[in-house]
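**Student:** One structure, as structure tokens, below. Some questions next.
Bear in mind these aren't lab numbers, they're just calculated from the coordinates by the rules spelled out. Quantities reported herein were computed from a predicted structural model and do not represent experimental measurements. Cβ coordinates were reconstructed from backbone atoms using ideal geometry, including for glycine residues, and neighbour counts include every protein chain displayed.
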Amino acid sequence: MLVIGVAGGTGSGKTTVVRKIAEQFQEDEVAILSQDSYYFDNSHLSLEERRKKNFDHPDSVEFGLMIDHVKKLQKGIPVNEPVYSFISCTRMEESRQVTPKEVLIVEGILCLTNKALRNLMDIKVFVDCDSDIRLSRVIRRDMNERSRNVDQVLDRYEKTVRPSHLQFIEPTKRFADIIIPQGGMNQVAINILTNHINHTLKNN
Ligand SMILES: Nc1ncnc2c1ncn2[C@@H]1O[C@H](COP(=O)(O)OP(=O)(O)O)[C@@H](O)[C@H]1O
Ligand SMILES: O=c1ccn([C@@H]2O[C@H](COP(=O)(O)O)[C@@H](O)[C@H]2O)c(=O)[nH]1
């Protein structure tokens, strides 16, 4: 199994890049694990307290479980990926079964911050994007999909998202084998990655 890690700031285009790569393969060839699914469940806190948490800090993610799932998939064992709700900021009762495939893409803002997880990756990718563009995308997305108003989005951006991006996420660019500017629109980078994956699969 080829494990590809895709990191980058919130709104940088990670999900778009991953989708475009996955589209180049058959459904039974590529499995995807999202780091967002592994946010700790904070249902013991009130919604107000949950919304104040720093979700851009590495401690907000249950990396132990995520690493265990990647290792199981590498051994050919299916896993149950948790389902996380950005509206309630809790884990849902249900989970999603992920079955082992030839390629596993692990995607998320903090997925290159954890050394043990990094060590399981064969290719590390960082999707790069200016912070003003990311912020404007995040405002739209959080208002449309995550039940937030503009004040809540900007308040979180100033207090936790931006400082943690600079402290934890941006520095992980140095671990990347490939840095992709213009995210999902960078068809050249997506083709290069797809060709590399195909080449590696053929030679294994
Ligand atoms: N290169 C791009 N140009 C314009 N819009 C984009 C581009 N890449 C992503 N988007 C849009 O920006 C938003 C965030 O992209 P997404 O891929 O979900 O980012 P991430 O997973 O890094 O948070 C989505 O609405 C997506 O359609
Ligand atoms: O309950 C939550 C958990 C996380 N977030 C924010 O989401 C982004 C990461 O998601 P991407 O899809 O990679 O953009 C991160 O900036 C967290 O702060 C949230 O809003 N609510």
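**Student:** For the residues M66, M143, what sequence is obtained by ranking on other C-beta atoms within 10 Å, fewest first?
**Tutor:** Details: M66 25, M143 14.
Arranged by neighbour count, lowest to highest, M66, M143 become M143, M66.
**Student:** Can you list residues from other chains, or at least 5 along the same chain, whose modelled amide H is less than 5 Å from the amide H of M121?
**Tutor:** Result for M121 returns nothing.
**Student:** Tell me, C111, C89 in order of fewest to most beta-carbon neighbours within 10 Å? Before the final figure, lay out the partial values.
**Tutor:** Working: C111 28, C89 20.
Neighbour counts put them in this order, fewest first: C89, C111.
**Student:** For the chain, modelled as a GNM with alpha-carbon contacts under 10 angstrom, which of G108, G76, G184 fluctuates the most?
**Tutor:** Among G108, G76, G184, the largest GNM mean-square fluctuation belongs to G76.
**Student:** Ok, one more. How big is region 113-204 along each principal axis, measuring the range of its Cα positions in Å and listing the largest first?
**Tutor:** 51, 28, 21
**Student:** Whats the longest run of the chain with zero GluC sites (Glu not before Pro) that are DSSP loop and have at most 15 other Cβ atoms within 10 Å? Can you show the working numbers first?
**Tutor:** Numbers: sites that count: E27, E29.
The segment 30-204 is the longest one with no such site.
**Student:** Please identify, among I109, I87, I180, the residue showing maximal mean-square fluctuation in a Gaussian network model of the chain using a 10 angstrom Cα cutoff.
**Tutor:** I87
**Student:** Let me ask something additional. Considering only DSSP beta bridges whose two residues both sit in region 2-188, what percent are antiparallel, to the nearest 5?
**Tutor:** So the antiparallel bridges amount to about 25 percent of the total.
**Student:** Now for a separate question. What number does the chain give for Rg over Rh if you use C-alpha atoms and the Kirkwood radius? Show your work: numbers first, answer last.
**Tutor:** Details: Rg = 16.6 Å, Rh = 17.4 Å.
Across the chain, the Cα-based Rg/Rh ratio is 0.95.
**Student:** If each DSSP helix of 4+ residues adds -39,500 (n - 2.57) and the sum is divided by the residues in the chain, what number results at 222 nm, nearest 500 deg cm²/dmol?
**Tutor:** On the way: 7 runs with 70 residues, N = 204.
Calculated at 222 nm, the ellipticity per residue is -10000 deg cm²/dmol.
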